[in-house]
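K.L.:
Okay, here's the structure, questions in a sec.
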Amino acid sequence: MGTAIVIEVRDSVLDADAVEATFDHFRDIDARFSTFKAESEISRLARGELNVADTSPDVQAVLAMCEESRIVSDGYFDAWHHRPDGALDPSGIVKGWSVDGACEILDAAGMQNYCINAGGDVFARGDQEPGKPWHIGIRNPWDPATVAAVVEAHDLAIATSGTYERGQHVLVPHTGRPPEGVVSMTVIGPNLARADAWATAAFAMGVRGVDWAARELDGYEAGAITSDRHVITTVGFERFRITP
Amino acid sequence: MPKRGAVALVTTVLAVILLFGFKTADAPAITPGRATPGIGGAPGRSSPSPIAAGATPPPSQDLTGGTTADPTRPPATQAQAGASGTFTGDTIQTPYGAVQIAIVMKAGKIVDVQALQMPFDRRLSQQISQQAEPILRSQVLRAQSANINGVSGASYTSEGYYESLKSALAQVP
């Protein structure tokens with residue numbers, strides 16, 4: 001299985017080399033972090049063939065971020081306990097983290113207006129056209145042809161965790177069961193790796209994940225789609241919502 | 001500053017595809033006995049029906065009023081001005097079966113994406129076919145909407161789908 005990564009650039013001049021470099025970056029991360037590839041560092045780590053100390057600095061950085069996220073989220077983000085087989089799966093942070101890295105490449109090349117969508121985790125830099133921020137939809141879990149909400153994004157990361165994405169993808173680490181009451185959780189903020197982790201954590205908490213985000217997260221806002229088909233958001237999230 | 005900048009139109013779109021092989025193969029999506037979200041079904045929970053008008057009272061906000069991407073809107077980006085017709089992508093062999101995609105262009109924008117072949121021969125393949133194909137289809141169509149640039153919410157993609165889609169796009173004159 002894979003994730004599609006789409007980069008849309010809206011600058012008047014395109015640095016093709018920089019864009020190509022971002023895809024090299026994604027390929028490199030995929031090779032090292034994929035839990036789907038038997039020879040990736042993460043797979044070898046999960047099988048006990050590799051010690052953390054022997055992994056690349058990037059893998060160590062991601063694992064450190066996973067651990068920090070686990071602590072801050074009171075164990076609701078736990079890269080070791082979201083899967084039924086208990087295998088290491090840092091995917092909840094890697095996708096966002098890889099996009100953050102891609103942004104650094106594009107930023108360094110002078111790109112000012114672009115949008116990267118890595119399998120539903122989005123970072124929107126600048127505007128879609130001068131003075132008009134990017135509009136990012138949040139999928140309606142019951143109908144992929146529609147969106148449940150739209151946020152206005154200018155230098156904003158948007159990450160969504162949900163049951164519909166890959167079956168029951170996220171299990172509550174404490175119980176080993178799927179979260180209750182929510183079908184998707186979206187977190188927005190400045191950094192996509194963080195937003196990714198907080199979306200997974202808040203989703204695992206269920207509906208109260210929105211309250212947790214409002215209380216505990218600085219600079220990040222959350223919006224949930226509940227099992228009874230409503231949208232619940234933090235107050236701050238509403239500032240980003242628009243009616244297209 | 002660009003090192004080797006190619007002059008582009010004001011709107012430049014790169015829709016390049018890459019497989020990002022994160023774990024799903026033995027994810028609980030295929031665990032027997034667990035509710036599997038199919039299109040139109042309620043994921044995770046036992047809610048029986050898809051959202052239908054009037055099905056849910058709206059104490060706060062009902063998703064029935066969700067925004068539907070309208071493929072008839074003017075495209076935010078124009079692939080090739082004026083191209084019309086159906087363009088059939090290559091048949092891609094995947095571990096799960098053959099995948100073949102066709103796109104329907106009208107006046108330079110994608111108005112439909114059709115899956116001519118999707119694998120159905122194994123249980124995992126059914127997961128891909130039932131979930132991924134319609135989701136991907138809606139993503140492609142939605143990208144044509146002037147009002148929405150992207151969608152957050154994890155997607156489930158198959159290599160063959162994008163490979164075939166790319167080859168279909170490559171045929172657009």
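The values are calculated or read from the model by the stated rules, or taken from the named source; none is laboratory data. Keep in mind that this is a model prediction, so the values were computed, not measured. Note that we place each Cβ from the backbone using ideal geometry, even for glycine, and neighbour counts take in every protein chain shown.
K.L.:
Could you tell me which residue of the range A:214-230 is surrounded by the fewest Cβ atoms within 10 Å (Cβ to Cβ), considering only residues that are modelled with pLDDT of 90 or more and either over 19 Å from the mean Cα position of the chain (by Cα) or more than 17 Å from A:Glu180 (Cα to Cα) (or both)?
P.N.:
Only one residue fits best here, namely A:Asp218.
K.L.:
Here are some residues: A:Ala53, A:Ala64. Which one is within 29 Å of A:Pro178 (Cβ to Cβ) and either at pLDDT below 90 or over 16 Å from the mean Cα position of the chain (by Cα) (or both)?
P.N.:
A:Ala64
K.L.:
Okay, moving on. Just to confirm my filter: which helices (runs of 4 or more DSSP H) fall fully inside the range A:179-244 and include at least 3 residues that are within 11 Å of chain B (Cβ to nearest Cβ)?
P.N.:
Helices (runs of 4 or more DSSP H) meeting the threshold: A:192-205.
K.L.:
Here is a further query. From (1) at pLDDT below 85; (2) assigned to a helix (DSSP H, G or I); (3) touching a Gly at 6+ places or on another chain (Cβ under 7 Å), pick out the condition that doesn't hold for A:Leu14.
P.N.:
(2)
K.L.:
What do you reckon, is A:Pro173 modelled with pLDDT under 90 and within 10 Å of chain B (Cβ to nearest Cβ)?
P.N.:
Against the criterion (modelled with pLDDT under 90 and within 10 Å of chain B (Cβ to nearest Cβ)), A:Pro173 does not qualify.
K.L.:
Considering only the range A:234-244, state which residues are buried (at least 20 other Cβ atoms within 10 Å of the Cβ) and without any contact (Cβ under 8 Å) to a residue 40 or more places away in the chain.
P.N.:
A:Thr234
K.L.:
Mind listing whichever residues of the range A:125-153 are more than 7 Å from chain B (Cβ to nearest Cβ) and in contact with a strand residue (DSSP E or B) (Cβ under 8 Å, 6 or more places away or on another chain)?
P.N.:
Passing the criteria: A:Arg125, A:Gly126, A:Asp127, A:Pro133, A:Ala149, A:Val151, A:Glu152, A:Ala153.
K.L.:
Of all residues in the range A:9-39, which are without any contact (Cβ under 8 Å) to a residue 12 or more places away in the chain, more than 7 Å from chain B (Cβ to nearest Cβ) and within 30 Å of A:Glu49 (Cβ to Cβ)?
P.N.:
Once the filter is applied, which keeps residues that are without any contact (Cβ under 8 Å) to a residue 12 or more places away in the chain, more than 7 Å from chain B (Cβ to nearest Cβ) and within 30 Å of A:Glu49 (Cβ to Cβ), the range A:9-39 yields A:Asp24, A:Asp28, A:Ala31, A:Ala38, A:Glu39.
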